[in-house]
1. Work out how far the C-alpha atoms of the chain reach from end to end along every principal axis, then list the three figures in whole Å, largest first.
2. About the Cα centre of region 224-359, how large is the charge dipole given +1 on each Lys and Arg Cβ and -1 on each Asp and Glu Cβ? Please answer in debye to the nearest 20.
3. Using θ = phi - 60° and the Karplus form 6.51 cos²θ - 1.76 cosθ + 1.60, what ³J(HN,Hα) does each residue of region 246-254 get, whole Hz, x for Gly and Pro?
4. Peptides 392-398, 107-113, 362-368: what's the order by average Cβ count within 10 Å, highest mean first?
5. Percent relative contact order of the chain, based on C-alpha pairs within less than 8 angstrom and at least six residues apart?
6. Just order 276-283, 116-123 by mean Cβ neighbour count inside 10 Å, highest at the front, would you?
7. If packing is taken as the average number of other Cβ atoms within 10 Å across a peptide's residues, how do 81-87, 233-239 rank, most packed first?
8. Considering only the other residues whose Cβ falls under 10 Å of the Cβ of C214, what net charge follows from Lys and Arg at +1 and Asp and Glu at -1?
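Since every read-out is calculated from the coordinates, none of them should be taken as a lab result. Being a predicted model, the structure only gives us computed values, none of them experimental. Don't worry about glycine lacking a Cβ; one is built from the backbone with ideal geometry, like all the others, and counts go over all protein chains shown.
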Amino acid sequence: MHDLLITQATLVNEGRVHQADVAIKDQRIAKIASDLSAEKAARVIDAKGLHLLPGMIDDQVHFREPGLTHKGDIATESAAAVAGGITTYMEMPNVNPLTINRQALEDKYTRAAGRSRANFAFYLGASNDNLDEIKNLDPQAACGIKVFMGASTGNMLVDKPEILEGIFASAPILVATHCEDTPMIQANEDAAREKYGEEVPFTEHPAIRSEEACWKSSSYAVELAKKHGTRLHVLHITTARELELFEPGEMRGKQITAEACVHHLWFSEEDYPRLGAQIKCNPAIKRKKDRDTILQAVKEGRIDIIATDHAPHTWEEKQRSYFKAPAGLPLVQHALPSLLDHYHAGRLSLETIAQKASHNPAEAYQVKDRGYIREGYFADLVLVDLQGESLVDKASLFYKCGWSPFEGHLFQSRISATLVNGQIAYENGQLSDGIFGQRLTFDR
Ligand code: DOR
């Protein structure tokens, strides 16, 4: 007897779109076959007309716990994640206290157990003085090592060349970088202050967090990775120029990979007059040409992974003037719907979405038994209705901050249900009580 049987779903998996039934037992996918209707199950979901994708694995979120929980916390933001079809997330270290040692990491795993609705792992943050902590890291204790090679929220800049050399030379697991050159940005900020005073228009953000600042830092990261043979993943690419740094094609075998985030694939500088601080983020949203070239690079394979960089701030914080309004926007609830809108517009195929948002992050981070619809793998799945529509309004948001840059947008698809470890975590607008995710383990 199976726990759950999903019948007649259209599976999107490993480069194919085909109809099948999926049986789930003891958290995992027990069987995938063209007709399992004769099998017994405690519950059957008739998924005729719906698409079944592997749940999205978001390798870049800020859930703000501990220390910044007025913006969001593990319970609220993971609820928004499962409502958006994200079944696994990897969370960043710029909280308070910073996640820069083993104890801080374990504290986060303890906080997430029994409260996180999606599966979880945490990054060890690099600082200018925790190299020993990085060298001695247990590879199961963190998903990766996060290096802020450009300063952003949380004062975690690592800028000493000898420390960066040490990290790239000795990191035992994947190094994920935020690349923006801080001295260049500071010079641009000074020039903007000179011109506008404190009331810098938000339209200046992409000129301040400039293309040159991105290029200088990304090319430095790639150079260090080539020198030391580091497994490098460059997070949130925002400029067409940086794409030259990465190889096209399949991700398998690459030592250096790159990522795009959903807001950089959606918004452009034309949206600053309308949204202002709401879309202020680091690195900045840039020109239409950058956005469109990055979208092309997703197809070519120069971009291997799509994530969110979900970074909630309160509405009050976002009302401040340019220098005081914090960077970052809440995204996890609408990441997959936004990618599905790209599908509807003919810009991305469903197979590419599954590859970049599920298969590739699982492979890049060596996540064990997740990221694919495969027998024996955990049943982390999302059922989507490509004919359904979903309007983003305040009432539908699960974020603690209570706002979204997508408010008013009508997505062309609807997340029908999200399964985490074989259990229905979210269905038809409702979260299920008492369903929580697990700590990730890694094949490393
Ligand atoms: O816009 C951003 N917000 N970029 C980052 O690098 C950090 C993030 C945050 O934590 O707010």
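1. That works out to 72, 47, 40 Å along the principal axes.
2. Magnitude of the dipole: close to 320 debye.
3. 10, 7, x, x, 4, 6, 3, x, 6
4. 362-368, 107-113, 392-398
5. Values: 1085 pairs, mean separation 92.8, N = 444.
Averaging sequence separation for qualifying contacts and normalising by length gives 21 percent for the chain.
6. Working: 276-283: 22.9, 116-123: 27.6.
Top of the packing list down: 116-123, 276-283.
7. Values: 81-87: 29.9, 233-239: 25.6.
For the peptides 81-87, 233-239, the packing ranking is 81-87, 233-239.
8. Values: positive: R209, K216, R241, K286; negative: E180, D181, E211, E212, E242, D290.
Net charge around C214: -2.
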